[in-house]
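Shown next, in structure tokens, is the structure this report addresses.
The numbers here are math on the coordinates, done by the rules we state, and not lab data. Computed from a predicted structure; not experimentally measured. Glycine gets a Cβ as well: all are built from the backbone with ideal geometry, and neighbour counts include every protein chain shown.
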Amino acid sequence: MNSGSHALAESPRAPAQGIREQALCFDCAGQALLGIISSPAQEVETKLGVLIIVGGPQYRAGSHRQFVLLARQLAAAGYISMRFDTRGMGDSAGAMTGFEQSAPDIGAAIDALLKSCPQLEGVVLWGLCDAASAALLYLQARGSDARVAGLVLANPWVRSTQGLARAHLKHYYMQRLADADFWRKLLSGKVAGAAIAGLIKNIGHAMGSRQPGEDSRSAEGASQPFQQRMASAWAKFHAPILLLLSGRDHTAKEFLEYTGMTRQWQGLLQGEHVSRVDLPQEDHTFSSAEGRARVEHHTLQWLHGLTPARYE
């Protein structure tokens, strides 16, 4: 495809002047995948690119076009990036595999980006929700990948029945139990029985004897739940990590609950190579213009500091 092909699948809004976008087809396990490379129109000095991994089920534009806009901000700041459709999503061929089986897609995308932009020597993986989880699972599946120079992980997905129940108890039910109006409604019979049943059910799940994550094993029958494989990858990855957490998001709260109470995760978020940014007013996808701008700002600020001699 040529550089004009991006108009096929992108929004009618053209990229800003000085930004170039090019569609790229590449192979993954015999299936054709589509990616969009965004880059400055002028030659760039940085040797580090950004691969934006998209969680599912959605395609490369992202919710409210957030990945289009992120890629263009990166290009405006001098960085080459690529966002792409995994197998079975958007304009990519094949059957949808899900984030636990997306390691081949991510590996193929890294190969394609570096081949298409030979001036790049490494990449940062940027992922939101289960795409953040997929980035870690890619590293765990590969053992390591020296080309990956850093990770940006936004609201990582660690969903389990027990973990979700504990998050609901702490961040929803505990607030309701501290509300005098709730007790007045309860004593007057205005609180529905379903609400009480929901509380009892969540207490039962939260007090389960299994470690969080034991009920969320890989569809391929892996010996460890995906949350533990994420922890294994995090523990072995010593390059910089930027962790972005929304304050108004149950996924982020569940991540903090899970990592705070699971032995495999103890101390990992406090590593010297981890930069954590809490965004108290933001929702899961940073859907406001202000939220998106904050994410772009923190991503670029972190990237500007991620320029060891190898990538200058």
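Using θ = phi - 60° and the Karplus curve 6.51 cos²θ - 1.76 cosθ + 1.60, what whole-Hz ³J(HN,Hα) does each residue of segment 16-22 get, with Gly and Pro shown as x?
These are the phi-based 3J(HN,Hα) values: 5, 4, x, 10, 10, 10, 9 Hz.
Taking 7 Å along the Cα-to-C-beta vector as the label spot, tell me the residue 29-residue 121 distance in nanometres, rounded to one decimal.
3.3 nm
Hey, can you grab everything whose amide H is under 5 Å from the amide H of residue 56? Only 5+ residues off in sequence or another chain; H modelled, so Pro and N-termini drop out.
When sequence neighbours closer than 5 places are left aside, the close amide H contacts are 130, 131.
For residue 135, what is the net charge nearby, where nearby means another residue's Cβ is under 15 Å from its Cβ and Lys, Arg count +1, Asp, Glu -1?
+1
Test of understanding: extend the Cα→C-beta vector of residue 223 to 7 Å, then name every residue of segment 257-283 with backbone N under 20 Å from that spot.
So the set is 263-265.
Step through the residues of segment 83-100 one at a time and calculate ³J(HN,Hα) from phi using the Karplus curve (6.51 cos²θ - 1.76 cosθ + 1.60, θ = phi - 60°), rounding each to whole Hz and writing x for Gly and Pro.
Each residue of segment 83-100 in turn: 10, 8, 8, 6, 3, x, 10, x, 9, 8, 7, x, 9, 5, 9, x, 5, 6 Hz.
Given charges of +1 on the Cβ of Lys and Arg and -1 on the Cβ of Asp and Glu, with all other atoms neutral, how large is the dipole of segment 44-165 about its Cα centre, in debye to the nearest 20?
160 debye
Quote the relative contact order of segment 232-299 in percent (integer), defining contacts as alpha-carbon pairs under 8 Å separated by 6+ residues.
44 percent
Using Cα centres only, tell me the gap between segment 220-270 and segment 42-112 in whole Å.
Spelled out, the Cα-based centre of one part sits 22 Å from the other.
Please report, largest first and rounded to whole Å, the three semi-axes of the ellipsoid equivalent to segment 61-152, where each semi-axis is the square root of five times an eigenvalue of the C-alpha gyration tensor.
After scaling each eigenvalue by five and taking roots: 19, 17, 13 Å.
For segment 8-81, give the share of DSSP beta bridges that are antiparallel, in percent and rounded to the nearest 5; count only bridges with both residues there.
Taking every DSSP beta bridge with both residues in segment 8-81, the antiparallel ones total about 90 percent.
How large is Rg over Rh for segment 55-100, taking Rg from the Cα atoms and Rh as the Kirkwood inverse mean of 1/r across Cα pairs?
1.04
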